[in-house]
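Input: a single structure, listed below in structure tokens.
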Amino acid sequence: MSFLRNCWYMATWSSELEPAAPMARKFLDVPVVLFRDSDGVPHALLDRCPHRFAPLSKGVVNGDILTCNYHGLGFAGSGACASNPHGPVLRNMAVPSYAVHEAHRAIWIWMGDQDAADISLIPDFDVLEVAPDNAFSCGRIHSNGNYELFSDNLLDLTHADYLHANTVMGAQFATVEVKVKSTDDTVSIEYCFFDQEANILIKDLPGVPGRIDQRSHLSWHAPGHMILYIDFAPVGTNDLSNSLRFTNIHCVTPETATSTHYFFASSRNFLTDDAVANQKIAESRLALFENEDAPMIEAQQAQLGTRTLWELNPLSLKIDDAGVRARRILAAHIKEEQATSKNKDILQLV
Ligand code: FES
Ligand SMILES: [Fe+2]
């Protein structure tokens, strides 16, 4: 399967990568080892020692050097060999490295041309940075489903009426018109509800009115970064711009063609010092994704096998508009990227 390589993917939440503990994770079919140097700065290398191909993630970090645990070659974060207990250090002992950058409580990886890795292209998720600890939660699910199925899932929230009927609320999103907009790089959807019952996830939180007006707005951009604002206020509040707001982040990073690292986070502008509410929100969201979304996507993938969605000629419904636009944008970016020979060289590297 082809992936977009010259873009940032979320590799891990910052909290997952501990000092002196190399982490093995596969992105875009490439085995990668992530580790922090003595200053805590993250690095990413191909998880394959150039000597006899032992995974470097089984190695140990000493200071700034990751040492292979098979015969002791040591590598710097740049990929250059830094020590060889068996002879001289030569330039050709290097291991490929990938650009990484830590921002927004996460570590981002660029799997393409390092020279093109521009940190200004990291998604603008500042909201995660500034969220108070008691108004923030994040998580990750590894799932045996293609990453675009995850984007489809979020770009059509009518699935909540059925898949989450007992955990959120039935008959909600499908009852209103969705506004879909797109540009060359983004797709957004918006659903507005008036005078409806607060859903199960929020109705028992302190200060949440029983009946509300609500706007859910999600924007996607390639390859699979999404931000979902859920604004709600007492019925009759005409302007929702100063309302209660959840800001939810979803990032899908392909592990392989049929598996995904699904990252999610949530922050809010109310009950910002309520650790109990924070815990409750985090648990309900995780349960939703773990017990309902991910199993359904894995079941879809099981039906697809190694075939793409289009190969099975799916029925098209109006609700698929946003998801299809996102798939087209991503496909166009991949096609464009593959037209350049430089990226073909990168593909051959692994
Ligand atoms: S396999 Fe790494 S040093 Fe031999
Ligand atoms: Fe869902």
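Of all residues in segment 107-144, count the ones that are under 23 Å from N269 (Cα atoms) and charged (D, E, K, R). Spell out the reasoning first.
Step one: filter segment 107-144 for residues under 23 Å from N269 (Cα atoms), giving 123-140.
After this cut, where a residue has to be charged (D, E, K, R) as well, the list is 124, 126, 129, 133, 140.
Adding up the residues that qualify gives 5.
Tell me which residues, restricted to segment 55-79, are farther than 14 Å from P22 by Cα and touching a Lys or Arg at 6+ places or on another chain (Cβ under 8 Å).
Within segment 55-79, Y70, H71 qualify.
Among the residues of segment 51-60, is there at least one that is in contact with a strand residue (DSSP E or B) (Cβ under 6 Å, 6 or more places away or on another chain), of a type in the set (A, V, I, L, M, F, W, C), outside any loop (DSSP other than H, G, I, E, B) and surrounded by fewer than 18 Cβ atoms within 10 Å (Cβ to Cβ)?
Yes.
On the given criteria, is F264 assigned to a loop (DSSP other than H, G, I, E, B), touching a residue at least 40 places away in the same chain (Cβ under 8 Å) and of a type in the set (F, W, Y)? Before the answer, list the steps.
Details: assigned to a loop (DSSP other than H, G, I, E, B): no; touching a residue at least 40 places away in the same chain (Cβ under 8 Å): yes; of a type in the set (F, W, Y): yes.
It is false that F264 is assigned to a loop (DSSP other than H, G, I, E, B), touching a residue at least 40 places away in the same chain (Cβ under 8 Å) and of a type in the set (F, W, Y).
Based on what the data block shows, is N84 more than 16 Å from ligand 2 (Cβ to nearest atom) and either under 30 Å from I319 (Cβ atoms) or free of Cβ contacts under 8 Å to residues at least 40 places away in the same chain (or both)?
yes
Scan (1) more than 27 Å from the chain's Cα centre (by Cα); (2) modelled with pLDDT under 95 for the single condition C49 breaks and write down its number.
(2)
Please give the number of the condition S2 fails out of (1) small (G, A, S); (2) modelled with pLDDT of 95 or more; (3) out of contact with any strand residue (DSSP E or B) (no Cβ under 6 Å at 6 or more places or on another chain).
In the conditions (1) small (G, A, S); (2) modelled with pLDDT of 95 or more; (3) out of contact with any strand residue (DSSP E or B) (no Cβ under 6 Å at 6 or more places or on another chain), S2 misses (2) alone.
Being of a type in the set (A, V, I, L, M), more than 16 Å from ligand 1 (Cβ to nearest atom) and more than 30 Å from I107 (Cβ to Cβ) narrows it down to one residue among I141, I200, I227, I189; which is it? Spell out how you get there, then give the answer.
Numbers: I141 fails: more than 30 Å from I107 (Cβ to Cβ); I227 fails: more than 30 Å from I107 (Cβ to Cβ); I189 fails: more than 30 Å from I107 (Cβ to Cβ).
The conditions single out I200.
Answer with yes or no whether A160 is surrounded by fewer than 16 Cβ atoms within 10 Å (Cβ to Cβ) and within 15 Å of ligand 2 (Cβ to nearest atom).
Working: surrounded by fewer than 16 Cβ atoms within 10 Å (Cβ to Cβ): no; within 15 Å of ligand 2 (Cβ to nearest atom): yes.
Judged against the criteria, A160 is not a match.
Does any residue in segment 170-192 that is closer than 13 Å to H217 by Cβ come within less than 8 Å, Cβ to Cβ, of a residue that is of a type in the set (S, T, Y) and part of a loop (DSSP other than H, G, I, E, B) six or more places away or on a different chain, and which pairs are these?
Close Cβ pairs satisfying both conditions: F173/T158; V178/T158.
Out of curiosity, is V89 surrounded by 21 or more Cβ atoms within 10 Å (Cβ to Cβ), hydrophobic (A, V, I, L, M, F, W, C) and either assigned to a loop (DSSP other than H, G, I, E, B) or within 16 Å of ligand 1 (Cβ to nearest atom) (or both)?
Working: surrounded by 21 or more Cβ atoms within 10 Å (Cβ to Cβ): no; hydrophobic (A, V, I, L, M, F, W, C): yes; either assigned to a loop (DSSP other than H, G, I, E, B) or within 16 Å of ligand 1 (Cβ to nearest atom) (or both): yes.
The answer is no for V89.
Report whether or not L312 is more than 16 Å from ligand 1 (Cβ to nearest atom), within 24 Å of N6 (Cβ to Cβ) and among the hydrophobic types (A, V, I, L, M, F, W, C). Full working, then the answer.
On the way: more than 16 Å from ligand 1 (Cβ to nearest atom): yes; within 24 Å of N6 (Cβ to Cβ): no; among the hydrophobic types (A, V, I, L, M, F, W, C): yes.
No: the conditions fail for L312.
Can you find a residue in segment 198-215 that is in a strand (DSSP E or B) and touching a residue at least 60 places away in the same chain (Cβ under 8 Å)? So that I can check it myself, show each step before the final result.
Step one: filter segment 198-215 for residues in a strand (DSSP E or B), giving 211-215.
Of the ones still in play, those that are also touching a residue at least 60 places away in the same chain (Cβ under 8 Å) are none.
No, because not a single residue in segment 198-215 is in a strand (DSSP E or B) and touching a residue at least 60 places away in the same chain (Cβ under 8 Å).
Assuming T12 fulfils every condition listed in (1) in contact (Cβ under 8 Å) with a residue 40 or more places away in the chain; (2) within 16 Å of ligand 1 (Cβ to nearest atom); (3) β-branched (V, I, T) apart from one, which condition is it?
(2)
Condition (residue is away from ligand 1 (no atom under 16 Å from the Cβ), over 22 Å from the mean Cα position of the chain (by Cα) and without any contact (Cβ under 8 Å) to a residue 24 or more places away in the chain) applied to segment 55-73: is it met by at least one residue? Don't jump to the end; show me each part of the working.
Going residue by residue through segment 55-73, those that are away from ligand 1 (no atom under 16 Å from the Cβ) are 63-64.
Subsequent filtering for residues that are over 22 Å from the mean Cα position of the chain (by Cα) retains 63-64.
The next check asks that each one be without any contact (Cβ under 8 Å) to a residue 24 or more places away in the chain; those that pass are none.
No, the conditions are met nowhere in segment 55-73.
Are any of the residues in segment 235-251 crowded, with 22+ Cβ neighbours inside 10 Å and not in a strand (DSSP E or B)?
No.
Only one of (1) away from ligand 2 (no atom under 16 Å from the Cβ); (2) of a type outside the set (V, I, T); (3) in a loop (DSSP other than H, G, I, E, B) is not met by C138, so which one is it?
So the condition that C138 fails would be (3).
Out of curiosity, is A265 crowded, with 21+ Cβ neighbours inside 10 Å and modelled with pLDDT of 95 or more? First the steps, then the outcome.
Values: crowded, with 21+ Cβ neighbours inside 10 Å: yes; modelled with pLDDT of 95 or more: yes.
Against the criterion (crowded, with 21+ Cβ neighbours inside 10 Å and modelled with pLDDT of 95 or more), A265 qualifies.
The values are calculated or read from the model by the stated rules, or taken from the named source; none is laboratory data. Being a predicted model, the structure only gives us computed values, none of them experimental. Glycine gets a Cβ as well: all are built from the backbone with ideal geometry, and neighbour counts include every protein chain shown.
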